[in-house]
Amino acid sequence: MILELLQNLALLITLAVGLQLLARHLARRPLLYKLVAGVLFGVVAVAGMMTPMRFAEGIIYDGRSIVLSLAGLFGGPLAAGIAAVIPAAYRIHLGGPGALPGVLTIVEAGALGVALHYLRRRDERWVRPVNLWAVGVLVHAVMLALQWGLLANGWEIVRQIGLPVLVLFPLGFVLIAQVMLDAER
């Protein structure tokens, strides 16, 4: 699980650098930036999904929840919407019992990221590390609740991976968000 998360974090750091370069070139074209950023977030989410932690046949865990939360936070609703369509289509293509919870996780992670985007616009204090961590925990607690509620073996899944997911994934979200915030500044 840690190796897969580290691979996903490496992808996200690459994305942060790519978005920084993109922002410089498209500074005067914010709509185009959000469109391209959405595609980049979506492609990175799929790349992460290609190296998942496999819990059972058709049930995978990867960094897409982190990617989609970041897409919402940094790109707003347009980038998050575009970013969500790409991994959702891929997750449906993969199929299996985890497809529905996987797609719902994509939607909830993007939506919570967008909510944080709007909160940040009102008050920059929303992107302090402790607040980022709280949002990361919320995103992943909802993800686990979806597993528990929608899968026949949901309780077993949550029992086995709940603690690592609630510790490592929010920390990954905070780490990459901080990298991206520093790049913005």
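General remarks:
- A count restricted to region 93-117 and to residues that are in a helix (DSSP H, G or I) and either polar (S, T, N, Q) or over 17 Å from the mean Cα position of the chain (by Cα) (or both) stands at 3.
- Selected residue (only one of Gln160, Gln147 is open to solvent by 20 Å² or more (accessible area, probe 1.4 Å), in a helix (DSSP H, G or I) and touching a strand residue (DSSP E or B) at 6+ places or on another chain (Cβ under 9 Å)): Gln160
- Selection within region 61-83 - in a helix (DSSP H, G or I) and either open to solvent by 20 Å² or more (accessible area, probe 1.4 Å) or within 20 Å of Gly154 (Cβ to Cβ) (or both): Arg64, Ser65, Phe74, Pro77, Leu78, Gly81, Ile82
- Here region 86-116 is the region considered, the condition is being in contact with a strand residue (DSSP E or B) (Cβ under 9 Å, 6 or more places away or on another chain) and open to solvent by 60 Å² or more (accessible area, probe 1.4 Å), and the residue that is modelled with the lowest pLDDT is Pro97.
- On inspection, Arg120 fails the criterion of being buried (at least 21 other Cβ atoms within 10 Å of the Cβ), modelled with pLDDT of 95 or more and out of contact with any Pro (no Cβ under 6 Å at 6 or more places or on another chain).
- Whichever residue in region 1-29 is at pLDDT 80 or above and of a type in the set (S, T, N, Q) and, among such residues, is nearest to the chain's Cα centre (by Cα): Thr14
The values are calculated or read from the model by the stated rules, or taken from the named source; none is laboratory data. Here the structure is a predicted model, which is why all the values come from computation and not from measurement. Please note: Cβ atoms are built from the backbone with ideal geometry, for glycine as well, and neighbour counts cover all protein chains shown. What goes into the accessible areas is simple: the full protein's heavy atoms, side chains included, and nothing from ligands, DNA or RNA. Shrake-Rupley method; radii C 1.70, N 1.55, O 1.52, S 1.80 Å.
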